[in-house]
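Structure record follows, encoded as structure tokens.
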Amino acid sequence: MYDILLMIHFLSLGAGLGISLTMFVLGLQAGRIPPAEFGPMMGRVGLAMKNVSIAGVSLLVLSGVGLVLVERGMVAAGGSWFHAKMVFVVGVVIAFTVVQVNQARARRGENPPVAGRRAMLAGRVALASAVAATIMAVLAFG
Ligand code: HEM
């Protein structure tokens, strides 16, 4: 059971980080693509990735909780690095929620340029927090 949860943990991490990095690299194109094209492009890609990214983040957190429930000693084994990791996990979840809320606002036409910028900024925070959580996880369990 533990191995299956760990496989889900890694696969969902790969999906989440992959999407997050893709959105970040696309966001770097802002200066090269006219705003009238850039906004709708990010909106389309964000919508296409919405369900996969929600599934990725949810499975990542659920499998992580599952790992701890199956092997309760992991929390103690991970020590302070594990607690630091949890802080960044909370950061990922909050930033990811802000991304989704702002993408939804942009889609509804509620000031799309501002909502889009906020979604992009929160996406960068989510990516940085996920990288930090990964580093903390390796320091805790590697
Ligand atoms: C943003 C969310 C998360 C990220 C990026 C993440 C990342 C990682 C990574 C990279 C590892 C492998 C570390 C290694 O084996 O060297 C790992 C393992 C682990 N994670 Fe997470 N994790 C996340 C969420 C969670 C949550 C919410 C929990 C529990 C409440 C959790 C519990 C664990 C445990 C117990 C392991 C140890 C597995 C093992 O090596 O046997 N993770 N995590």
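The numbers here are math on the coordinates, done by the rules we state, and not lab data. Owing to the predicted nature of the structure, the values given are computational and were not obtained by experimental measurement. Methodologically, a virtual Cβ is constructed for each residue, glycine included, from the backbone with ideal geometry; neighbour enumeration extends over all protein chains shown.
Structure data summary
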{"item": "Helical contribution to [θ] at 222 nm, DSSP H n ≥ 4, -39,500 (n - 2.57), averaged over the chain, rounded to 500", "result": "-32500 deg cm²/dmol"}
{"item": "Between segment 65-80 and segment 22-51, the alpha-carbon center distance in angstrom", "result": "38"}
{"item": "Contact order normalised by residue count of segment 99-142, Cα under 8 Å, 6+ apart, percent", "result": "32"}
{"item": "Acute angle (nearest 10 degrees) that the helix 112-141 long axis makes with the longest principal axis of the chain, alpha-carbon atoms", "result": "20"}
{"item": "Acute angle (nearest 10 degrees) that the helix 2-27 long axis makes with the longest principal axis of the chain, alpha-carbon atoms", "result": "20"}
{"item": "The chain - percent relative contact order, Cα under 8 Å, separation 6 or more", "result": "32"}
{"item": "Segment 2-141: equivalent-ellipsoid semi-axes (sqrt of 5 x gyration tensor eigenvalues, Cα, Å)", "result": "32, 14, 12"}
{"item": "0 to 90° range, to nearest 10: angle between helix 35-70 axis and the chain longest Cα axis", "result": "10"}
{"item": "Charged-residue dipole, Cβ positions (Lys, Arg, Asp, Glu), segment 28-142 about Cα centre, Debye nearest 20", "result": "320"}
